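Participant: Sending over a structure as structure tokens; questions will come in a sec.
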Amino acid sequence: MSRNTDVVSMRHYWQAFLLAIFAPRRNHNSPRVDVYMKYGMAKPEINGTRSQRHAQPTPRAAAHLLRAILCAGSLTLLSANASAQITKDQAKRIYDRIAGVPASDAQLTTMASGTANAAALLATQDPAFYNNTVRNMATPWTNRDQTVFAPLNDYTATVIGMVRDNVPFNTLLSADIIYTADAAAGVPAYSTSNNDMYDALDTDGADLSVHLQQKAQSAVTGLPAAAVAGVLTTRAAAYAFFMDGTNRRMYRFTMMNHLCADLQTIPDITRPPDRIRQDVTRSPGGDSSLFLNNCIECHSSMDPMAQAFAYYNYSYNVATDPTGAAGTIVYTAGQVQPKYFINNTNFPQGFITPDDGWANRMRGGVNSLLGWDATQPGSGHGAKSLGQELEASTAFASCQVSRVFKYVCLRAPSNAQDSSQVSTMTASFKSNGYSLRQVFIDAAVYCTTGI
């Protein structure tokens, strides 16, 4: 490990335990992935419960048939629930789960006269859905502490705007997009060196469902359009994840926030180590076996991916601005940032970063279970193409759906029916324009039926 790494939480004592998770026999044709309860995702069952693993194996055809029946049943249940007329009580539950504020009696009467789907759609029109629900879900993604108690910023505002406007959510990590305050909000202009616009929106209690407008991020921030990668290149993301360190932090938090996969959960000791940088010693404490059996399992996949951020930095004056609050994102096209060469004497024979070319080594090995899209090249240059690789994966879609499910249903998926529902919602999310707002609607209908 590097002596000065920014991947503070990455420690490699999980190997034996986590490899045991991936080692059992799996159906590699399934798009489902290992998912992690800390981030709201349910762990799928493999060939039933543990006790069943020691029983007579289920024939593959029968297993496929059972899965099809479960998914079809879940889809039928969802469709039936969504189209059925509801009571005032269920209307109230739907409104509470989506908007987080009480509905008026007139609203409940209107909702109860229609279907559950129509009622949930009405609830998403309450400003509180955007000002509270979506904001509170997205805010932890924007800071290292993963706290919801963080100021509004351009990252959070962009997520809110994309949900409101039904912008396909699978462009979150690559689109040339940002949401800023409109003129009617009467707040300071956007700045690349402060958060004043969003602080003022907070102070004024501005309705974010009204006063956010979509713009081209490149036009607002001055970054080249080719260097813009959705929320990854917002000022808030740069402040949190490009400041100091080696830019591995941006990779780690992107995987954690948007694929629900922290480094400890996706180790793979089988990936080649040829692109691990010089700052990672090959003999920690004088013992090379620690590198070969621990460090390599994360760095062999992480370093080739984090190379996509080689031209990015967050610049600030340490003497006059020690917290970096007045800093700005920096992009140096064609020039690798010096941070990629720190501690280069730890292992001089290590990889020397020449450019921002990245490669996804996780397309092979156990992490192929994250469901990488065959239509994507699996390698490229820069943050935008890496974002496209990540957001096209099954893990990205499943992560968003599972997180919304937990947020709306007040629990993680906890049984076979819940898991089937999440699978159905994930498939629907992918096939219907990646509308995250619709995921909230589907989750609310499912989780308030029959209570």
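The values are calculated or read from the model by the stated rules, or taken from the named source; none is laboratory data. Predicted model only: the values in this text are computed from it and were never measured. Neighbour counts run over all protein chains shown; Cβ positions are idealised from the backbone, glycine included.
Participant: If you check GLN376 against the conditions, is it under 25 Å from THR233 (Cβ atoms), part of a helix (DSSP H, G or I), out of contact with any Cys (no Cβ under 9 Å at 6 or more places or on another chain) and among the polar types (S, T, N, Q)? Walk me through how you get there before you give the answer.
Facilitator: Numbers: under 25 Å from THR233 (Cβ atoms): yes; part of a helix (DSSP H, G or I): no; out of contact with any Cys (no Cβ under 9 Å at 6 or more places or on another chain): yes; among the polar types (S, T, N, Q): yes.
It is false that GLN376 is under 25 Å from THR233 (Cβ atoms), part of a helix (DSSP H, G or I), out of contact with any Cys (no Cβ under 9 Å at 6 or more places or on another chain) and among the polar types (S, T, N, Q).
Participant: I would also like to ask the following. Identify, from the list ALA138, ALA183, ALA189, ALA150, the residue that is of a type in the set (A, V, I, L, M, F, W, C) and either under 22 Å from SER435 (Cβ atoms) or in contact with a strand residue (DSSP E or B) (Cβ under 7 Å, 6 or more places away or on another chain) (or both). Walk me through how you get there before you give the answer.
Facilitator: Numbers: ALA183 fails: either under 22 Å from SER435 (Cβ atoms) or in contact with a strand residue (DSSP E or B) (Cβ under 7 Å, 6 or more places away or on another chain) (or both); ALA189 fails: either under 22 Å from SER435 (Cβ atoms) or in contact with a strand residue (DSSP E or B) (Cβ under 7 Å, 6 or more places away or on another chain) (or both); ALA150 fails: either under 22 Å from SER435 (Cβ atoms) or in contact with a strand residue (DSSP E or B) (Cβ under 7 Å, 6 or more places away or on another chain) (or both).
Criteria check complete, one pass: ALA138.
Participant: Oh, and also: Does the stretch 360-384 hold any residues that are of a type in the set (A, V, I, L, M, F, W, C), surrounded by fewer than 19 Cβ atoms within 10 Å (Cβ to Cβ) and touching a helix residue (DSSP H, G or I) at 6+ places or on another chain (Cβ under 6 Å), and which are they? Quick ask: steps written out before the conclusion?
Facilitator: Taking the stretch 360-384 and keeping what is of a type in the set (A, V, I, L, M, F, W, C), we get 362, 366, 369-370, 372, 374, 383.
Still in the list and also surrounded by fewer than 19 Cβ atoms within 10 Å (Cβ to Cβ): 374.
Residues satisfying the conditions do not exist here.
Participant: Quick check on GLY285: is it surrounded by fewer than 17 Cβ atoms within 10 Å (Cβ to Cβ), farther than 20 Å from ALA225 by Cβ and at pLDDT below 95? Even if it seems obvious, please write down each step before you answer.
Facilitator: Working: surrounded by fewer than 17 Cβ atoms within 10 Å (Cβ to Cβ): yes; farther than 20 Å from ALA225 by Cβ: yes; at pLDDT below 95: yes.
So GLY285 fits the description; yes.
Participant: Condition test on GLN90, is it more than 27 Å from the chain's Cα centre (by Cα), in contact (Cβ under 8 Å) with a residue 12 or more places away in the chain and surrounded by fewer than 20 Cβ atoms within 10 Å (Cβ to Cβ)?
Facilitator: Working: more than 27 Å from the chain's Cα centre (by Cα): yes; in contact (Cβ under 8 Å) with a residue 12 or more places away in the chain: yes; surrounded by fewer than 20 Cβ atoms within 10 Å (Cβ to Cβ): no.
So GLN90 fails the test.
Participant: What residue, among those in the stretch 326-348 that are without any contact (Cβ under 8 Å) to a residue 60 or more places away in the chain and in a loop (DSSP other than H, G, I, E, B), is nearest to TYR190 (Cα to Cα)?
Facilitator: THR332
Participant: Contact list please: Cβ distance under 7 Å, first residue in the stretch 195-215 and more than 21 Å from GLY324 (Cα to Cα), second residue loosely packed, with under 15 Cβ neighbours inside 10 Å and of a type in the set (A, V, I, L, M), pairs at least six apart or on different chains.
Facilitator: Final answer for the pair search is HIS211/ALA184.
Participant: With ASN143, ASN194, ASN136 as the choices, which residue is buried (at least 20 other Cβ atoms within 10 Å of the Cβ) and either out of contact with any helix residue (DSSP H, G or I) (no Cβ under 8 Å at 6 or more places or on another chain) or not acidic (Asp, Glu) (or both)? Break it down into steps so the answer makes sense when it comes.
Facilitator: Details: ASN194 fails: buried (at least 20 other Cβ atoms within 10 Å of the Cβ); ASN136 fails: buried (at least 20 other Cβ atoms within 10 Å of the Cβ).
Going through ASN143, ASN194, ASN136 in turn, just one is buried (at least 20 other Cβ atoms within 10 Å of the Cβ) and either out of contact with any helix residue (DSSP H, G or I) (no Cβ under 8 Å at 6 or more places or on another chain) or not acidic (Asp, Glu) (or both): ASN143.
Participant: Determine whether the stretch 414-424 contains at least one residue that is of a type in the set (Asp, Glu), over 19 Å from the mean Cα position of the chain (by Cα) and not in a loop (DSSP other than H, G, I, E, B).
Facilitator: If we filter the stretch 414-424 for residues that are of a type in the set (Asp, Glu), which is where we start, we get 418.
Pick out the ones that are also over 19 Å from the mean Cα position of the chain (by Cα) and you get 418.
Applying the additional criterion that residues be not in a loop (DSSP other than H, G, I, E, B) yields 418.
For the stretch 414-424, residues of a type in the set (Asp, Glu), over 19 Å from the mean Cα position of the chain (by Cα) and not in a loop (DSSP other than H, G, I, E, B): present.
Participant: Picking from ASP279, ASP268, which residue would you name as being surrounded by fewer than 23 Cβ atoms within 10 Å (Cβ to Cβ) and either in contact (Cβ under 8 Å) with a residue 24 or more places away in the chain or at positive phi (or both)? Full working, then the answer.
Facilitator: On the way: ASP279 fails: surrounded by fewer than 23 Cβ atoms within 10 Å (Cβ to Cβ).
Every option except ASP268 fails the conditions.
Participant: Restricting attention to the stretch 309-325, does a residue exist that is outside any loop (DSSP other than H, G, I, E, B), in contact with a Ser or Thr (Cβ under 7 Å, 6 or more places away or on another chain), among the polar types (S, T, N, Q) and under 19 Å from GLY387 (Cβ atoms)? Lay out the reasoning, then the answer.
Facilitator: Start the filter on the stretch 309-325 by keeping residues that are outside any loop (DSSP other than H, G, I, E, B), which leaves 309, 312-315.
Narrowing the set further to residues that are in contact with a Ser or Thr (Cβ under 7 Å, 6 or more places away or on another chain) leaves 315.
Those still in the list that are among the polar types (S, T, N, Q) too: 315.
Imposing the further condition that a residue be under 19 Å from GLY387 (Cβ atoms) reduces the set to none.
So far as the stretch 309-325 goes, no, none of its residues is outside any loop (DSSP other than H, G, I, E, B), in contact with a Ser or Thr (Cβ under 7 Å, 6 or more places away or on another chain), among the polar types (S, T, N, Q) and under 19 Å from GLY387 (Cβ atoms).
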